[in-house]
Amino acid sequence: MLELRELERGDVPEVNRWRRDPELIACLGAPYRFIGPEIDERWFEGYLGSRSNTVRCAIVEHEEPSRILGLVTLAGIDWVNRSCTMHIMIGAEENRGRGLGTFAVDAILSHAFLDLNLRRVELSVLSSNERARRLYRRAGFTEEGVRREAVLKGGRYEDMVTMAVLRKDWGRLADSSL
């Protein structure tokens, strides 16, 4: 059984391995860079200092909660407008295609809307990442626009698709599955 738990300092070495995986980063909007462990330690310290507007959760199996499988984040939480940006990363290749992303997106949206009382969650996804876009559409996200040639991936510029889900739309989706 899968669950979310807050990211812990002990997870940072595994996250650092993922962030140095060119194949994984090729699927994400982030650029590929060489990232040393000290950079990710500072990244984690930054998270600890921004917990008032950031939620970083490790995706783990209940039976083995110390082994992180992925990471899902609500960042830049705007408490006035009750909105944020979601990020997700499934680490090792053998964990992709197992439903971890579906679980994590559903769980973090439930947390965002029911626990944090947010009303809007948005994200950006590579236009070429159709697998992720299908996942987000199933979760209730709507494509709102395209940032043309917004990121450099593999030596060429690629579009980023902006998607968002509103609590009222997510609620209808959640209610229809009962």
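The values are calculated or read from the model by the stated rules, or taken from the named source; none is laboratory data. All of these numbers come straight from a predicted model, not from anything done at the bench. In this analysis, Cβ positions are derived from the backbone assuming ideal geometry, glycine residues included, and neighbour counts consider all displayed protein chains.
Val15 - would you say it is under 15 Å from the mean Cα position of the chain (by Cα), β-branched (Val, Ile, Thr) and closer than 26 Å to Lys168 by Cα? For Val15, the condition - under 15 Å from the mean Cα position of the chain (by Cα), β-branched (Val, Ile, Thr) and closer than 26 Å to Lys168 by Cα - is not met.
When region 56-78 is limited to residues that are among the β-branched types (Val, Ile, Thr) and touching a helix residue (DSSP H, G or I) at 6+ places or on another chain (Cβ under 7 Å), the one that is farthest from Met1 (Cα to Cα) turns out to be Val72. Within region 116-124, is there a residue that is touching a residue at least 40 places away in the same chain (Cβ under 8 Å), among the aliphatic types (A, V, I, L, M) and assigned to a loop (DSSP other than H, G, I, E, B)? Yes, region 116-124 has at least one match.
Just the residues that are without any contact (Cβ under 8 Å) to a residue 40 or more places away in the chain, in a loop (DSSP other than H, G, I, E, B) and not hydroxyl-bearing (Ser, Thr, Tyr), please, taken from region 31-46.
Listed by number, the residues that qualify are Arg33, Phe34, Ile35, Gly36.
The rows are residues; the columns are (1) at pLDDT 95 or above; (2) surrounded by 19 or more Cβ atoms within 10 Å (Cβ to Cβ); (3) under 23 Å from Asp11 (Cα atoms); (4) not acidic (Asp, Glu).
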{"position": "Glu94", "(1), (2), (3), (4)": "no, no, yes, no"}
{"position": "Ala104", "(1), (2), (3), (4)": "yes, yes, yes, yes"}
{"position": "Arg119", "(1), (2), (3), (4)": "yes, no, no, yes"}
{"position": "Phe141", "(1), (2), (3), (4)": "yes, yes, no, yes"}
{"position": "Tyr157", "(1), (2), (3), (4)": "yes, no, no, yes"}
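In the condition set (1) within 13 Å of the chain's Cα centre (by Cα); (2) buried (at least 17 other Cβ atoms within 10 Å of the Cβ); (3) assigned to a helix (DSSP H, G or I), Met86 is compliant with all but (3).
Candidates in region 161-178 are the residues that are touching a Leu at 6+ places or on another chain (Cβ under 9 Å) and surrounded by fewer than 19 Cβ atoms within 10 Å (Cβ to Cβ); of these, the one that is modelled with the lowest pLDDT is Ala174.
Take Ala58 and tell me if it is surrounded by 13 or more Cβ atoms within 10 Å (Cβ to Cβ) and either at pLDDT below 95 or touching a Cys at 6+ places or on another chain (Cβ under 9 Å) (or both).
On the way: surrounded by 13 or more Cβ atoms within 10 Å (Cβ to Cβ): yes; either at pLDDT below 95 or touching a Cys at 6+ places or on another chain (Cβ under 9 Å) (or both): no.
Answer is no for this residue.
Within region 47-66, track down each residue that is touching a residue at least 40 places away in the same chain (Cβ under 8 Å) and either assigned to a helix (DSSP H, G or I) or out of contact with any Ser or Thr (no Cβ under 8 Å at 6 or more places or on another chain) (or both). First the steps, then the outcome.
The initial filter retains those residues of region 47-66 that are touching a residue at least 40 places away in the same chain (Cβ under 8 Å), namely 47, 55-63, 65-66.
Residues satisfying the conditions are Tyr47, Ala58, Ile59, Glu61, His62, Glu63, Pro65, Ser66.
Can you tell me which residues in region 1-30 are assigned to a helix (DSSP H, G or I), surrounded by fewer than 18 Cβ atoms within 10 Å (Cβ to Cβ) and basic (Lys, Arg)? Matches in region 1-30: Arg9, Arg17.
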